[in-house]
1. Taking 0.36 nm per intervening residue step and subtracting the Cα-Cα distance, what contour gain separates residue 53 from residue 78 on full extension?
2. With each label point set 7 Å from Cα along the Cα-Cβ vector, what nm distance links residue 63 and residue 85?
3. Return the Cα extents of segment 13-82 along principal axes one, two and three, sorted largest first, each rounded to a whole Å.
4. For a protection proxy built on the mean count of beta-carbon atoms within 10 angstrom, sort 35-43, 87-95, 63-71 highest first, please.
5. Relative contact order (percent) for segment 40-85, with alpha-carbon contacts under 8 angstrom and 6 or more residues of separation?
6. Given contacts defined as C-alpha pairs under 8 Å and at least six residues apart, what's the relative contact order of the chain, whole-number percent?
């Protein structure tokens, strides 16, 4: 299975569109293009019972699980609302991502 092109990258600010965390905003901690999934800070949090190891203490830890990339959208840098992502080329020749809602570039 080939990895699909994802327009969402690590460090992006995203809004959850569907599911139990609908409406929540967070930063992408990790992008997994092979599975078309992303891990978003504070979204899809579960409690995991962890055995003690040589390096870490055991107990119940909270961690974020991945969420499918179709269920999140990049937050518009201007308004913070969900937006689609497009691409454009600057005069310098650099290709950048732009928010379709406002036309702002996404860093």
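1. 4.5 nm
2. The answer from the label model is 2.5 nm.
3. 46, 24, 20
4. Values: 35-43: 19.4, 87-95: 7.9, 63-71: 15.4.
Ranking, from highest mean packing down: 35-43, 63-71, 87-95.
5. On the way: 52 pairs, mean separation 13.9, N = 46.
Once divided by the residue count of segment 40-85, the mean separation gives 30 percent.
6. Averaging sequence separation for qualifying contacts and normalising by length gives 21 percent for the chain.
Throughout, read-outs are computed from the coordinates displayed, never taken from laboratory work. The structure presented is a predicted model; accordingly, all values stated were derived computationally and were not measured. For neighbour counting, all protein chains shown are included, and Cβ atoms are generated from backbone atoms with ideal geometry for every residue, glycine included.
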